[in-house]
Structure formats: structure tokens, C-alpha cells
Amino acid sequence: MKYQYSPDNKIIIKCSKCLNRLRVPLDKGKISVTCPVCGKVFLYNPDSILDTLKQIVISIRAYVARSKRNKIIFLGVVLAVILALVLLVLLMKRNKVPLYPL
Ligand SMILES: [Zn+2]
């Protein structure tokens with residue numbers, strides 16, 4: 001996952017409600033984040049795969065909102081992400097055993 005790391009060990013995440021960019025510490029584990037723009041309070045755990053996936057989904061939403069494209073493109077991106085995740089899970093489960101043993 002590509003993130004913007006800064007020297008003070010912080011990470012840029014996006015508010016799940018208003019898509020505002022927030023800088024949160026990476027080394028504090030699970031933290032409660034309050035968005036200064038919309039007041040939304042949410043939990044963020046940099047070690048959680050689920051939260052990382054959520055951020056990816058939010059990034060896609062932000063991109064779609066910015067580009068004002070139609071929903072078909074959004075669905076296509078979501079499907080592509082789901083497909084990529086399924087492939088990732090398959091690769092993780094693979095564990096040195098070939099996917100298609102001959
Ligand atoms: Zn917000």
C-alpha cells in the first residue's frame with residue numbers, strides 16, 4: 001500500500017464522511033480521530049488491514065467525487081479492487097503450495 005510517510009512518523013488518512021485529509025500518528029496504534037472539518041469521530045488503526053482497506057475505499061470515493069465521473073466507473077473500480085483482494089487472499093493462502101499443482 002502506498003502512503004505518504006512524513007519524517008515525524010505520521011500518516012495522511014481521509015475522513016470517511018467529508019474526505020478531508022488528516023495527519024495521524026503511525027506509532028500510536030489504534031487511535032480515535034476527530035475530523036476538524038465535519039466533527040466526525042472515528043477509530044483508525046494503522047496495523048489493521050480492514051482500516052487500510054477502508055482508507056483505500058475512501059480514496060477511491062474521493063477520486064470519484066473529484067472526477068465527477070459516472071457510477072459505472074466507480075463500480076468498475078470497486079470490482080477491480082475486490083478482484084485484487086481476492087487474488088491477494090489467494091496468494092496469501094497459497095503459502096508455498098502452487099495454486100495449480102501439476
Ligand atoms: Zn470530516
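Observations
- Those residues of region 36-74 which are touching a strand residue (DSSP E or B) at 6+ places or on another chain (Cβ under 9 Å) and part of a helix (DSSP H, G or I), in sequence order: 51, 54, 55, 58, 59, 61, 62
- Residue match in region 62-69 (condition: modelled with pLDDT under 80 and in contact with a helix residue (DSSP H, G or I) (Cβ under 7 Å, 6 or more places away or on another chain)): yes
- In region 17-33, residue surrounded by the fewest Cβ atoms within 10 Å (Cβ to Cβ) [restricted to those that are more than 9 Å from the ligand (Cβ to nearest atom) and outside any loop (DSSP other than H, G, I, E, B)]: 32
The values are calculated or read from the model by the stated rules, or taken from the named source; none is laboratory data. All of these numbers come straight from a predicted model, not from anything done at the bench. Methodologically, a virtual Cβ is constructed for each residue, glycine included, from the backbone with ideal geometry; neighbour enumeration extends over all protein chains shown.
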